[in-house]
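The values are calculated or read from the model by the stated rules, or taken from the named source; none is laboratory data. Here the structure is a predicted model, which means the values were calculated and not measured. Cβ sites come from the backbone with ideal geometry, for glycine too, and all protein chains shown count toward neighbours. Heavy atoms of the whole protein, side chains included, go into the accessibility calculation; ligands, DNA and RNA do not. Shrake-Rupley method; radii C 1.70, N 1.55, O 1.52, S 1.80 Å.
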Amino acid sequence: MSRIEASPQVHVLSPPLAAGLRRGSVSRVLSGAKSARWRPGIATGCRHAEVFAPAGEASGAALALALARDALGIDAQDQRPWLWVQDKAALRLSGRPYRPGLPPHLRHRLIHVAATTPEDALFALEEGLRCRDLAFVIGEIAGNPRALDFTASRRLSLAAEKHGTALWLVRLDARTDLGSARMRWRVTAAASPPPRWNPQAPGRPAWQAELFRAHTFQPGHWTLRDDDTALAAEPAGSRAPDHGDLVRGPGARSLAAG
């Protein structure tokens, strides 16, 4: 059943309702008017986004994955594989993807590429974008390598637009240089709201996020939180309680169980 969990500060859309919103709002978003405010579940029409993040906290890749799931409505019914590309420097800074920590319906569909150089990573990203059988692509590149100039960024944008495969490129410890991405984010980790039923337990992932460039949306700041089934957005600096679940879903296991 579609549902809305809302308060004066928190807006959460379930996947079915978000899909309806995307169908209804895509024409307004693609019209070019820059009066809309981004929110979870809204259609963006964006195939290439960048996320600038510090390398030591894994916030960039985590938010990129949450944004991809939100923008594309990825769920268990979509069985297409997805691609994660890292260059050598990004792999050293943030480590390899940890499959048991990924959303359950995405774990078995991950294709991971460990590239030696930024040039190799860009080649793998562009080839991935040309593959329509992929659900989406995430890339991680550290710093501001010479290979990732405006021309390379434009090539990624053109490949994503032509073939319809979306890319979230995470820039670790990088300056916000020239780029052709239609949406550009700055992100850092935020304190998780304390769980209602066990204040000593880890909270759900949360981020302080700034959308500082977007072709069709106003810039803005939010505290974003992954609620497993939806992405929640609150005004920057606010903290809503995490009510959590009373009972685990069927088949749920501890990450320690592998």
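Only one of the listed residues (177, 149) is open to solvent by 30 Å² or more (accessible area, probe 1.4 Å) and at pLDDT 95 or above. That residue is 149.
Report the residue count in segment 33-58 for those that are open to solvent by less than 40 Å² (accessible area, probe 1.4 Å) and assigned to a loop (DSSP other than H, G, I, E, B). Write out each step before concluding.
From segment 33-58, those open to solvent by less than 40 Å² (accessible area, probe 1.4 Å) are 36, 38, 40-46, 48-53, 55; that's our starting set.
Pick out the ones that are also assigned to a loop (DSSP other than H, G, I, E, B) and you get 38, 40-46, 55.
Of the residues in segment 33-58, 9 are open to solvent by less than 40 Å² (accessible area, probe 1.4 Å) and assigned to a loop (DSSP other than H, G, I, E, B).
Across segment 180-201, the qualifying residues are those that are basic (Lys, Arg) and more than 20 Å from residue 43 (Cβ to Cβ), and the one among them that is least open to solvent (accessible area, probe 1.4 Å) is 186.
None of 90, 61, 71 is in contact (Cβ under 8 Å) with a residue 12 or more places away in the chain, open to solvent by less than 10 Å² (accessible area, probe 1.4 Å) and assigned to a helix (DSSP H, G or I) except 90.
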